[in-house]
Structure formats: C-alpha cells, structure tokens
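A.B. asks: To start, I am sharing the structure in question, which I have written as structure tokens.
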Amino acid sequence: EARGGLVATLTAIRTALQTRLKSINGLQVYSRWPANVNVPCVIIRRGVTEPEQNLGTGTITKYMFELYVLASLSGGYEQGQDNIDPYLATSSTGGIYGAINADRTLGGVVAATFVKSFNEDDQLEFSENITYQSFKADVEC
C-alpha cells in the first residue's frame with residue numbers, strides 16, 4: 001500500500017515480492033505467469049488493484065497479489081500435499097508467511113504487506129498437461 005509518501009509502482013512491488021520470496025530455500029520464483037515451470041515454485045500474479053483508497057484523493061493504492069505455489073505430485077496426492085505443507089508454515093522461516101513477514105515493507109517499497117489467506121490445496125494443470133499440487137496465497141500491499 002502506498003502510504004506516507006510512498007508511491008510504489010506495480011513493477012517495483014512485484015520485484016520486491018520476488019526478492020522476498022527468493023529467501024525461501026529451494027523455491028523457484030516467477031514474477032509473472034511463465035510458459036513452463038520448475039517445481040517447487042511460486043508464481044506472482046496481480047490480483048485486484050484498488051486506487052483512490054484515501055477519500056478520493058488517489059494517495060493510496062491497494063494492490064492484491066495471488067501467489068500460486070506449485071509442487072510435484074510425484075508419489076500421489078498425499079505426497080503432493082506433503083510437498084506443499086512447508087510453504088504453508090506460519091513460522092519465521094521456510095514458508096510464504098515467514099518470508100514476507102521478515103520484511104513487510106518489502107525493502108521500503110511499500111508501507112506494509114499482509115498475507116491475508118492461504119486457500120485450499122488443489123491440483124493445477126499447467127502447460128503440456130502436467131498437473132501439480134498447488135495452493136494460492138492472497139497478499140495485500
């Protein structure tokens with residue numbers, strides 16, 4: 001969220017999110033929807049953008065991002081869920097929450113970033129008809 005004189009561009013926020021998520025060991029990070037993926041990975045996708053959040057003055061813009069985390073289904077669905085679980089951790093290390101919470105300003109690019117929710121596990125079919133275990137995290141800046 002651009003507050004207190006911060007005016008962050010969409011590109012700057014996306015890049016800062018990518019930098020924070022790269023702190024998760026072994027996780028490939030894509031800042032945009034790629035043609036192909038290497039798992040485990042997270043894909044940053046812009047969600048809803050809400051300009052004019054300050055009584056019509058346009059001084060605050062709220063950006064929402066959807067973080068799609070994908071992991072291998074090798075070994076079946078139960079193994080796929082086990083492969084995804086570490087990224088759901090709400091501890092200080094290893095997961096999406098911990099990586100973002102370690103610097104909620106994303107290096108000073110935004111005033112604050114919040115992991116709003118983790119959506120249910122699902123299977124996501126990607127390019128070349130390959131299916132991955134996945135979940136979506138909703139993040140607000």
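The values are calculated or read from the model by the stated rules, or taken from the named source; none is laboratory data. What you see is a predicted model, and the numbers here were worked out from it, not measured in a lab. Every residue, glycine among them, receives a Cβ derived from its backbone with ideal geometry; neighbour counts consider all protein chains shown. Remember, those area values only see protein heavy atoms, side chains included, never the ligands or the DNA or RNA. Shrake-Rupley method; radii C 1.70, N 1.55, O 1.52, S 1.80 Å.
A.B. asks: For segment 57-78, enumerate the residues that are surrounded by 16 or more Cβ atoms within 10 Å (Cβ to Cβ), at pLDDT 95 or above and not β-branched (V, I, T).
C.D. replies: F65, L67, Y68, L70, A71
A.B. asks: Checking the condition closer than 18 Å to L27 by Cβ, at pLDDT 90 or above and either open to solvent by 50 Å² or more (accessible area, probe 1.4 Å) or among the acidic types (D, E) (or both), which residue from Q81, Q133 passes? Working first, answer last.
C.D. replies: Details: Q133 fails: either open to solvent by 50 Å² or more (accessible area, probe 1.4 Å) or among the acidic types (D, E) (or both).
Result of the check over Q81, Q133: Q81.
A.B. asks: Restricting attention to segment 115-130, which residues are assigned to a strand (DSSP E or B) and open to solvent by less than 100 Å² (accessible area, probe 1.4 Å)? Before the answer, list the steps.
C.D. replies: Of all residues in segment 115-130, those assigned to a strand (DSSP E or B) come to 115-118, 122-126, 130.
Selection gives V115, S117, F118, D122, Q123, L124, F126, I130.
A.B. asks: Among the listed residues L70, L106, which satisfies the condition of being closer than 22 Å to A16 by Cβ and in contact with a Cys (Cβ under 6 Å, 6 or more places away or on another chain)? Steps first, answer last, please.
C.D. replies: Numbers: L106 fails: in contact with a Cys (Cβ under 6 Å, 6 or more places away or on another chain).
Exactly one residue qualifies, and that residue is L70.
A.B. asks: Same structure again: Could you go through segment 93-103 and let me know if any residue there is among the acidic types (D, E), out of contact with any Pro (no Cβ under 6 Å at 6 or more places or on another chain), assigned to a loop (DSSP other than H, G, I, E, B) and open to solvent by less than 70 Å² (accessible area, probe 1.4 Å).
C.D. replies: The first filter runs over segment 93-103 and keeps only residues among the acidic types (D, E), leaving 103.
In the following step, the residues that additionally are out of contact with any Pro (no Cβ under 6 Å at 6 or more places or on another chain) were identified as 103.
Subsequent filtering for residues that are assigned to a loop (DSSP other than H, G, I, E, B) retains 103.
Retained after the next criterion (residues that are open to solvent by less than 70 Å² (accessible area, probe 1.4 Å)): 103.
Yes, some residue in segment 93-103 is among the acidic types (D, E), out of contact with any Pro (no Cβ under 6 Å at 6 or more places or on another chain), assigned to a loop (DSSP other than H, G, I, E, B) and open to solvent by less than 70 Å² (accessible area, probe 1.4 Å).
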